[in-house]
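Comments concern the structure below.
Bear in mind that the values in this text are calculations on the coordinates, not laboratory data. Owing to the predicted nature of the structure, the values given are computational and were not obtained by experimental measurement.
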Amino acid sequence: MIEIDIEKCKGCKLCIENCPKDCIDLSSQVNKKGYFYAVSKHGCINCRFCAMMCPDACIEVLRE
């Protein structure tokens, strides 16, 4: 499972493009900075690809 800091996210989509399970999507809402931010869906396998690719360190991988 992942936790995304939506206020730090700039919607670059690197996490979405690199998720092997397609469990991250872009929100239809914007954060305080005006960016569409990433949101997690079910299906995370804790591979950490999203966290490694995030240039703004917005994603924390949590142990289940």
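The residue of the range 52-64 that is nearest to Leu14 (Cα to Cα), among those that are assigned to a strand (DSSP E or B) and not acidic (Asp, Glu), is Ile59. Among residues of the range 7-51 being of a type outside the set (Val, Ile, Thr), within 20 Å of Arg63 (Cα to Cα) and part of a strand (DSSP E or B), the one that is nearest to the chain's Cα centre (by Cα) is Ala38.
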